[in-house]
Every structure is written in structure tokens, then in C-alpha cells.
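Novice: Sending over a structure as C-alpha cells; questions will come in a sec.
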Amino acid sequence: MSEENKVSRRDILKMGTAGAFGVAGTYYFNKMAQFPTVAKAANGSSHKTSHHSNHSNMIDKTKTTGYKMAERLLTEFDYGKVTKLPNGQTLREYEVVAIDKEIEIAKGIKFPGWTYNGTIPGPTFRCTEGDLLRFHFINKGSHPHSIHFHGIHPPEMDGLTSIFPGQKFTYEFEAKPYGLQIYHCHVLPLARHIHKGLYGNFIIDPKKPREPAFELNMVMNGFDLDLDGANEFYTVNGYAFAFMNHPIKIKKDQLVRIYLSNLTEFDLLNSFHLHANYFTYYPTGRNDNPSQFTDTIMQCQGERGIIEVRFPYAGTYMFHAHVSEFAELGWMGFFEVE
Amino acid sequence: MKGKGIITGLIPLIILIGVLGFVLKNGAGVEKDPAAPIEVLNIERIKVTNTGFELSVSNTGPTPLTISQVMVNDSVWNYSVSPQATLERFEEGKINIAYPWVEGDPHTIKLITENGIITEGALAATTLTPETNRSNFLNYGLIGFYVGIVPITLGLLWYPFMKRFSRKWINSILALTVGLLLFLFVGTLADGFEIGAEAPSVFQGNMIVIIGASLTFLLLIGFDQYQQRKQEKKGYSPFGMALLMATGIGLHNFGEGLAIGSSFSLGEAALGTFLIIGFTLHNITEGIGIAAPLLKTTPRLKDFLLLGGIAGAPAILGTWVGAFIFSPIWGALFLGIGAGAIIQVIYVITKMLIDDHRTHREPSVSWLNLSGFTIGLLIMYFTAFFVKF
């Protein structure tokens, strides 16, 4: 046992003291350490030092291919090739080609889309109530597609039959009723075919023309990049923040008419909110529907309507989806009133 | 070797080069283009600063890629990439995002490439990443001290108590040590695989752990045999054995330090503080383990200090590495080495136990030894409750 004493009792006491000090220190550790045990809201210091200024995300003044497409679709209406039938009825003929095409949906992001005539959304077809319409549809895509028009027409023209790649079909019907219609592909799987980009607005003007106005076409849509059933980007006319970096120019007191539809896939609703002003909303573009005087409306998938608004003051007015998430993911823009 | 000999060696090589060249030029003959672009972008580290986030990224995919958009918490955000948005294969880049983050909140950062491939990085509870300054360095060092050196020293304090045991009891304590170490081995290996899985897949984190563990084990055994032959020793001196154990445990504690340091730097501070207390309790048993082989000898105080330091100090190093320069692939390698060192200690102690019992014509798996082994496992199992969630 004498060997054992080489570690003397005093040594053991020393070690014990060191150990006890350590344990005590462990428990007092919280107080001396700078690491918080409770999560707190930021105290503002990070905001003061942040270089981020309000609504400056996605500043991009370049006019990319994607932006140009969205801008073109804003004011471009396809009236078709117009002829008169012997009975005096107007005949409008449109050519619609389904094409697989990569679309730029946000700066630098390519989306492998399925398109009508190479854009997402497709062209805005426009006619007057009572016209005879012929849509010559050619499928040059890799999948079967169709065109299902909203409105009143014979069921065999309803677009439920698949037109296979390389095939053609002519949809023929009389334009009715007046209002804002939409069209989209109706081939299964439906969600995939629509989300890929096969949709657009279809305006049937009333026989008695509406009051002249500065007219805009806006299709609300979304893009799911990783195919998880949730959109990464939300846009109007297919390009994120398009009208934020290049505001839509409007004249003071000018009547502005917006043909607005919701073709967002995977989300139940989308919405439109206008800052610093009120507008009149005509559901489905019908003057005889109860209208609303408001600054925010919502639309479920396939719902659409006409917004009429005048701006009494010069300046920039923001508009966006009032679902903040959609707004921050691309569905946000400005009117510039001068 | 004669010229003919060299040629016979070269022929298969030349044919191989020819075949590879043919395949590279003409393809494998099955598929021309991949159905979807293959892009692999890795987020190696997210640093949280006063103004936002700083991401270290690398392209470990087969082709160059371009970062086109960044989203933070489902919001498209401004960012800048250096050196440029297009990264060549194996090129590294830094992404700066000015973002008014909220202390303690989770934040998700999505990087989207030109082809729409999304890479996600997440902060579970956002807090400032510790800057490498003197006071932080000391604070983290202190954590390592409490987790590593303190409990092991406390464990060593049982030495005089254990000293009163007879040979059979000492052996059962060694068996207990084997139990402790087995638990540590499995735990270290599992931690290694967990961290390795976070590393870019091209580096094969799991294989790094296995390579690290097996090579360390064999190297230590080989070194051992070399030493024994050179010195004509029969086996380890008790102090040599304790030293070996302290080294293995030290490498394991490096891993624990890594876990604590990175949990603090990843914003899980509340968890980190609890981990400190948990690991401290857990690690007391490691001190007992290291003291066990010394029971047959007469160590001095400085031996204890040396052993405590070797086993405990790596926790300090680990905490620093975890807090300031953590990278999954290095973590996987260190934990692999730790696991290899621990299994070697298990091997050595078990061999020694068996030899000792054989000399005395006793069964090596006696009831006493089995109980010791079981208790060793159970102590580790239950004290680990403090650090598992």
C-alpha cells in the first residue's frame, strides 16, 4: 500500500478542488457565456446595418427575353384573320400551334414549357359576340394536347379530345356569351398540362362596344421548377417582377381596363391588390354581374374578370398578389402615372 | 526487367487506353443526353453576419452551372456571387445576401440555377456566426475545457477508491471499460456517418469514415507490433495502455467538441449549453476507464494530468474547429480516426484480459467481467440521455 501513496492525499485534494471548480463553472457557464439560451426577436441592429432598402429585391433594368414576352402579352390582342361570310357574319380564323419551348420565367431561369404559339401564357384571342370563330390547331409538341375554350358552344368543340403530335384539328363555334373567357389544354394529366403553360385569355367583346380605354391583358400564373406540387415563382404573363423593374406607363385620369384571369396551378387562389386607389371589378367581364368597388379581389383557378380604374394622381402605384408569399416570389409590379 | 518484359506489361495498358478513348469519343451507345440537366451545387457553410448571410458553395456536379436566383424564406432576394455566377466543376464561390434575419427564427435559403435546379440550405435557429476573435476563442476553449478535461479529471479521482480492489475486481473494471469503449465506438461511427452524409456526395463521406477508422485501427496495431518486436516487450505497460486509451478517447472527444461548437455556430445555443452539461456527466466514466489499467501500478500526479490532458484537450480543439472552420468532410475524417483508435483500444484491453485470465486458468467471460461489461454499456447508455434529443 506504500506504493499507492505516491499519489498523496494532498494531490487528490488538489485534483478534487480543480474538478469541483470545473463543475461549478459548468453551471455558472450560462451567465458568463455570451450565447443566449432564449431566442429573441432581432434587436434592430441588423436592420440598421443592413444594406437592404424597401422593395428593392429583384432590381433588373435589363430587358431579357422573358421580360419582353411578358410585356408583349400585356398589350397584344390576336383578332385573327377577319373575313365576312355571305350572311354578313364576321369570320375570324386563328392559327394555334402547340410547341415545346424553353421559356425564361425569371431573370436567368429557364423553364421547359409547353406553349401555344411559343409564349406562356398563350396569345390573347379577341373577337366580338356573334362572330364565327375557327381555331386551326396544329400539335407540334411532344405530347397530345387540345384547346378547351370557356363559353357557350357545341360539346364536340369543347376540346376534350386529344390531338396527337403531328395532328391538326379545327375548333369552330360562334362567339358567345360576351365577357372574359379563358382557354387551356384539357388532356390528362390536367394539372401537368396546364402548369406547363398551355393556357391564355380569350376576350369576347359585347356587341355594343365598351368605353374606349387603355387595355391590358394579365394572366396570373405560377411555375413549379422541382415538380413538388408547389410553385417557386408567381408571375403575371409569365415573368417574375416584370412590371416592377419596368412600370406600366399610364396617363393621369385615363380609363385603364385590365383583363385579369387566374391560371395558377397548385394553389387554390390568387389575388390582385392595387395600392393607393380603388377600381371597379366586373366578374367574368359581365356588365350585368354585380360589380365591386374595391382595391383587392381574389380569383380561384379559372376565375377571371375585368378591372376598370382611373388614377387621379401622378406617381407610381404598386400592384401585386395580396398573398405576400406570391408577391415576393414574383407577382408584383408598378403603374407609373404621368 | 528486360525490354520484352516491359512491353508485355504495357500491352494491356495500351489496349485499355484505346478502349477508354473509344468510349469517350463515341459514348457508351445507350444514352446520348441525360433526360434532365445534372447539376450539383453544394452549400458548404452558411455564415450569419450583421447584414445577412454569406454562403460558401461549390459545384461538385459533372458540368459547369450558373446561379440565377436566390430565395430566402420564400421571397426572391438580391444577392451577389464571387468570383462569378457561373461555377466550373469543383469551383468554389461565395454568395452574399443582405437580409434582415430574425434572431432565433428558422431561415431557408434556396439557390436556383439557370436550369431550375434548386439547392436548399437551412438555418434551424438563426444567430450571428461567432467571429474568430480573442474573446470568442476563449469562450469556446472554455466549453471544451468543461466538456473534456473537467469530467475526465473527475473520473480519474476514483483512482484511489478503485486501487483497493483485488485482481478479479480490477479485471471486471477493465471489462467495464470495454463496455464504455464499445458504446463510444458505435456512437463515434454513427456520428461520423451522420456528418459524412452532409458532405458533398462526390466525396463519399461514409467511405471517409470507414477508411479513417480501418486505417487508424490497422496503423495502430501495426505500429504496436513493430514497437513490441523492437523492444522485445510482451505487451503494454499499464501506463502505455492508459495512454493509448486516453488517445482514443481524446479523438472521440474531439468529435464531441465538434458537435458542441457547430451547434453553437448553427444557432442552437440552448441545445449547446445542455450538451455541455450532458457531455460532462457522460465523460466522467471515461476518466474511470483511463484509470483502470493503472490500478496495477503506481502512477504519479503528472501522469494523471498528462492522461487527462490527452483525453480531454482535444474537446477544446474540436470546439474551436466546430465553431470556426467546420466542414462536414473533415468532421467525418476525424470521427473515423476516432472510431479506429477506440476499436484498437478495445482490441488491446480484451486481449490483455483474456491473456490474464488464461495465465490464471480462469474463464475470461466470468460473471464478474460480464457484469462489468454490461454496467459499462448501461452507464454510457443512460448518461447519453442527457445529450440525445
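The values are calculated or read from the model by the stated rules, or taken from the named source; none is laboratory data. Every value quoted in this text rests on a predicted model; they were computed, and no experiment measured them. When we count neighbours, we look across all protein chains shown, and the Cβ atoms used for this are built from the backbone with ideal geometry, even at glycine. For the accessible areas, the whole protein counts, side chains as well, though only heavy atoms, and no ligand, DNA or RNA atoms are used. Shrake-Rupley method; radii C 1.70, N 1.55, O 1.52, S 1.80 Å.
Novice: Name the residues in segment B:279-305 that are out of contact with any Lys or Arg (no Cβ under 9 Å at 6 or more places or on another chain), surrounded by fewer than 18 Cβ atoms within 10 Å (Cβ to Cβ) and among the charged types (D, E, K, R), would you?
Specialist: Within segment B:279-305, just B:Lys302 meets the criteria.
Novice: Only one of A:Thr17, A:Thr62 is part of a helix (DSSP H, G or I), at pLDDT 55 or above and more than 8 Å from every other protein chain (Cβ to nearest Cβ); which?
Specialist: A:Thr17
Novice: For segment B:167-178, state whether one or more residues are aliphatic (A, V, I, L, M), surrounded by fewer than 21 Cβ atoms within 10 Å (Cβ to Cβ), more than 13 Å from chain A (Cβ to nearest Cβ) and not in a loop (DSSP other than H, G, I, E, B).
Specialist: Yes.
Every residue, every condition in (1) touching a strand residue (DSSP E or B) at 6+ places or on another chain (Cβ under 6 Å); (2) charged (D, E, K, R); (3) part of a strand (DSSP E or B), yes or no:
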| site | (1), (2), (3) |
| --- | --- |
| A:Ile105 | yes, no, yes |
| A:Lys110 | yes, yes, yes |
| A:Gly130 | no, no, no |
| A:Arg134 | yes, yes, yes |
| A:Phe137 | yes, no, yes |
| A:His143 | no, no, no |
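Novice: Across segment B:78-112, which residue is modelled with the lowest pLDDT among those that are farther than 17 Å from B:Asn50 by Cα, of a type in the set (D, E, K, R) and touching an Asp or Glu at 6+ places or on another chain (Cβ under 9 Å)?
Specialist: That would be B:Glu92.
Novice: Right, next: I want to confirm something. Restricting to segment B:105-118 and keeping residues that are of a type outside the set (Asp, Glu) and open to solvent by 20 Å² or more (accessible area, probe 1.4 Å), which single residue is farthest from B:Val70 (Cα to Cα)?
Specialist: Step one: of segment B:105-118, the residues of a type outside the set (Asp, Glu) are B:106-113, B:115-118.
Pick out the ones that are also open to solvent by 20 Å² or more (accessible area, probe 1.4 Å) and you get B:106, B:108, B:110, B:115, B:117-118.
Details: B:Pro106: 17, B:Thr108: 11, B:Lys110: 6, B:Asn115: 13, B:Ile117: 12, B:Ile118: 9 Å.
My answer is B:Pro106.
Novice: Right, another one. Within segment B:309-331, is even one residue open to solvent by 10 Å² or more (accessible area, probe 1.4 Å), without any contact (Cβ under 8 Å) to a residue 40 or more places away in the chain and either within 13 Å of B:Gly261 (Cβ to Cβ) or not in a helix (DSSP H, G or I) (or both)?
Specialist: Yes, segment B:309-331 contains at least one residue that is open to solvent by 10 Å² or more (accessible area, probe 1.4 Å), without any contact (Cβ under 8 Å) to a residue 40 or more places away in the chain and either within 13 Å of B:Gly261 (Cβ to Cβ) or not in a helix (DSSP H, G or I) (or both).
Novice: Within segment A:295-311, count every residue that is over 18 Å from A:Asn262 (Cα atoms) and open to solvent by less than 60 Å² (accessible area, probe 1.4 Å). Please lay out each step first, then the result.
Specialist: Of all residues in segment A:295-311, those over 18 Å from A:Asn262 (Cα atoms) come to A:309-311.
With open to solvent by less than 60 Å² (accessible area, probe 1.4 Å) added as a condition, the list becomes A:309, A:311.
Count: 2.
Novice: Another one. Please enumerate the residues belonging to segment B:127-156 that are in contact (Cβ under 8 Å) with a residue 60 or more places away in the chain, among the polar types (S, T, N, Q) and more than 9 Å from every other protein chain (Cβ to nearest Cβ).
Specialist: Hits for segment B:127-156 are B:Thr129, B:Thr132.
Novice: Within segment A:327-334, is there a residue that is away from chain B (no Cβ under 14 Å) and in a loop (DSSP other than H, G, I, E, B)?
Specialist: No, segment A:327-334 contains no residue that is away from chain B (no Cβ under 14 Å) and in a loop (DSSP other than H, G, I, E, B).
Novice: Another one. Regarding A:Phe223, is this residue within 14 Å of another protein chain (Cβ to nearest Cβ) and of a type in the set (Phe, Trp, Tyr)?
Specialist: It is true that A:Phe223 is within 14 Å of another protein chain (Cβ to nearest Cβ) and of a type in the set (Phe, Trp, Tyr).
Novice: Could you tell me whether segment B:350-369 includes any residue that is farther than 24 Å from B:Ile221 by Cβ, open to solvent by 50 Å² or more (accessible area, probe 1.4 Å) and of a type in the set (A, V, I, L, M, F, W, C)?
Specialist: yes
Novice: Are any residues in segment B:82-104 open to solvent by less than 30 Å² (accessible area, probe 1.4 Å) and under 26 Å from B:Val202 (Cβ atoms), and if so, which ones?
Specialist: B:Leu87, B:Gly93, B:Ile95, B:Ile97
Novice: Which of the numbered conditions does B:Ser135 fail, given that it passes all the others? Conditions: (1) surrounded by fewer than 19 Cβ atoms within 10 Å (Cβ to Cβ); (2) in contact with a Phe, Trp or Tyr (Cβ under 8 Å, 6 or more places away or on another chain).
Specialist: (2)
Novice: Can you name every residue in segment A:265-300 that is polar (S, T, N, Q) and within 15 Å of A:Phe326 (Cα to Cα)?
Specialist: A:Asn270, A:Ser271, A:Thr296, A:Gln299
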